[in-house]
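The values are calculated or read from the model by the stated rules, or taken from the named source; none is laboratory data. No experiment lies behind these values; they were computed from the predicted model shown. Methodologically, a virtual Cβ is constructed for each residue, glycine included, from the backbone with ideal geometry; neighbour enumeration extends over all protein chains shown. Protein only, heavy atoms only, side chains kept; ligands, DNA and RNA dropped before computing areas. Shrake-Rupley method; radii C 1.70, N 1.55, O 1.52, S 1.80 Å.
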Amino acid sequence: MSTEDLSQETPSRTAGEAGWHVSRYNVMAQVPGTKKVAIANLYKGNCAEYTPIEMYLLSVVEELDENHPVIERFARRGVIANFDERAAVEFLGRAACASPYAIGLTICPTMGCNFNCPYCFEDHFARKMSASVQDDVVALAGRMLDASRTKDVHVTWFGGEPLLAPDVIESLSGRLMALAEERGGRYEASIVTNGYLLTQDIADMLGRLKVNSAQVTIDGMGAAHDATRHLANGGPTFERITSNLRTLKLPFRVTIRHNVHEANKSEMDELEAFVRQLAEESGNNLMYYPAPVTGSEAADERGEQVGLLCATDASEVSIRQEAGRFRAGRGHYCGAHTLWSVGIDERGNLQKCWESVDKPQISFGTAHDWDPHDPIATASKPDNLLMYLNTACPVPDDECQECVWLPSCVGGCPHQRLFRVRKCIAFKDDPEGYVLALHARIPRKEAADAAEQK
């Protein structure tokens, strides 16, 4: 057969005829001082630079031959697609509920706390989880493993301040670790703690119990931190917490969360540098993470101070926060959008959101009774379960479905949507600022990827 005959049998198509189109989830910005453009694709989780000729080719991509070499490069980076990306995001949301990689238990050994932070979204109670409730938690974990057909267990120790009840952490951890081991699965844990009660013995215990990460909040340097992160009696905490981070040998990585508000916003760079210094001095794995203070019903009741704390412009802080965790679209916002993630308070009440673990009135059931084999019939208040699950993709909001940010925010925090107002990404109207923050991270990410491959 001649070449001419072959070409007639397999005529070339344009990329558009082959189904390729520019992604609906591209955001872009001119790279300062250059003619290049940075494009972040929010579905693929990729950010890269493009030359003027590449930008031209992207603008006419549907007219190019489907075999043009740039098609493969654009497709790999996600800036073009040959499928319905919004439908894919919706599928990821459904899959997150139906196909868990692990069961997720956020366990509060106590709702008591030794701090009194003005922006806290919780009301605190000094009760500690009883032995019978611990039995219920282990039984629930077994039912969730059976129903989900996964073997893996992930626990987050939360509260209140979980280190007020280290005996509960130790007792439950051993039983949950054994449960995963019996099934041939993997167990891992994390902890959210204020860091004040950390000792070497406690740190070593957490390491033995497979806690591989912790979150500790520092709200600025010295007095700035003590203004919002103080003991229940008003006493300071900065020196104690930072001393613990400096002198203890921590067998887990620690994210230092900085709750940013107007009064401490100017200390972001100083605190980030301080965290790096702490890491160098201690040899501990510490990472800085800024997060804007947001309102909540419980915090609002504490008065004017909280309103002032939450009044800061969150755009700059959120860009810095989100650029540090840029990833591919995931289809769900948090564990509240999946059946296989639950919060458990010290009485065994089940919740779908960390922000409601202290609010039994919106619990959907108990660890003693709820069975995910029949999640509606065994829930004491099914609507409290369904209202969270039904904010997942496809998001019940036409504006969200058409928004370029959908793969990143997936409709925003379900708790805020249900009980306050829909909370959009703070930098929704500043895509250029976000893309340039991602662009600034490209060399560091490439270096990290290269090191990981060695």
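Write out, first by first residue and then by second, each pair whose Cβ atoms fall under 8 Å of each other, whose residues are 6+ apart or on separate chains, and whose first residue, in region 64-85, is assigned to a helix (DSSP H, G or I) while the second is buried (at least 19 other Cβ atoms within 10 Å of the Cβ) and among the charged types (D, E, K, R). If the second residue must be buried (at least 19 other Cβ atoms within 10 Å of the Cβ) and among the charged types (D, E, K, R), the pairs left are Arg77/Lys44.
In region 27-42, the residues that are of a type outside the set (A, V, I, L, M, F, W, C) form Cβ pairs under 9 Å with partners that are assigned to a loop (DSSP other than H, G, I, E, B) and at pLDDT 95 or above, at six or more places apart or across chains, as follows: Gln30/Lys36; Lys35/Thr51; Lys36/Thr51; Asn41/Ser23; Asn41/Tyr25; Asn41/Gly78; Asn41/Val79.
Filtered by the rule that a residue be closer than 14 Å to Asn194 by Cα and either hydroxyl-bearing (Ser, Thr, Tyr) or touching a strand residue (DSSP E or B) at 6+ places or on another chain (Cβ under 6 Å) (or both), region 163-172 gives Leu164, Ala165.
Within region 126-139, take every residue that is assigned to a helix (DSSP H, G or I) and under 13 Å from Asp345 (Cβ atoms) and give me the one that is most open to solvent (accessible area, probe 1.4 Å).
Here is the first cut: in region 126-139, the residues assigned to a helix (DSSP H, G or I) are 131-139.
With the extra rule that they be under 13 Å from Asp345 (Cβ atoms), the set shrinks to 133-134, 136-137.
Numbers: Val133: 16, Gln134: 18, Asp136: 37, Val137: 1 Å².
Top of the filtered list is Asp136.
Being farther than 30 Å from Ile442 by Cβ and not in a helix (DSSP H, G or I) is the filter here; which residues of region 86-103 pass it? The answer is Ser99, Pro100, Ala102, Ile103. Among the conditions (1) in contact with a strand residue (DSSP E or B) (Cβ under 9 Å, 6 or more places away or on another chain); (2) open to solvent by less than 70 Å² (accessible area, probe 1.4 Å), the only one that Asn82 does not satisfy is (2). Among the criteria (1) open to solvent by 20 Å² or more (accessible area, probe 1.4 Å); (2) touching a helix residue (DSSP H, G or I) at 6+ places or on another chain (Cβ under 9 Å); (3) in a strand (DSSP E or B), the one Thr156 does not fulfil is (1). Scanning region 388-409 for residues that are farther than 23 Å from Ile362 by Cα and of a type in the set (Val, Ile, Thr) yields one hit, Val404.
Can you tell me how many residues in region 235-264 are more than 24 Å from Gly283 (Cβ to Cβ) and at pLDDT below 95?
Summing the residues that are more than 24 Å from Gly283 (Cβ to Cβ) and at pLDDT below 95 in region 235-264 gives 6.
Of the set (1) modelled with pLDDT of 90 or more; (2) more than 23 Å from the chain's Cα centre (by Cα), all apply to Met268 but (2).
Pairs linking a residue in region 86-109 that is more than 9 Å from His332 (Cα to Cα) to a residue that is acidic (Asp, Glu), with Cβ atoms under 7 Å and 6 or more positions apart or on different chains, are Tyr101/Asp152; Ala102/Asp152; Cys108/Asp345; Cys108/Glu346; Pro109/Glu346. If you go through region 173-212 and keep only what is more than 14 Å from Val153 (Cα to Cα), touching a residue at least 40 places away in the same chain (Cβ under 8 Å) and open to solvent by 20 Å² or more (accessible area, probe 1.4 Å), you end up with Tyr196, Leu197, Thr199, Gln200, Asp204, Gly207.
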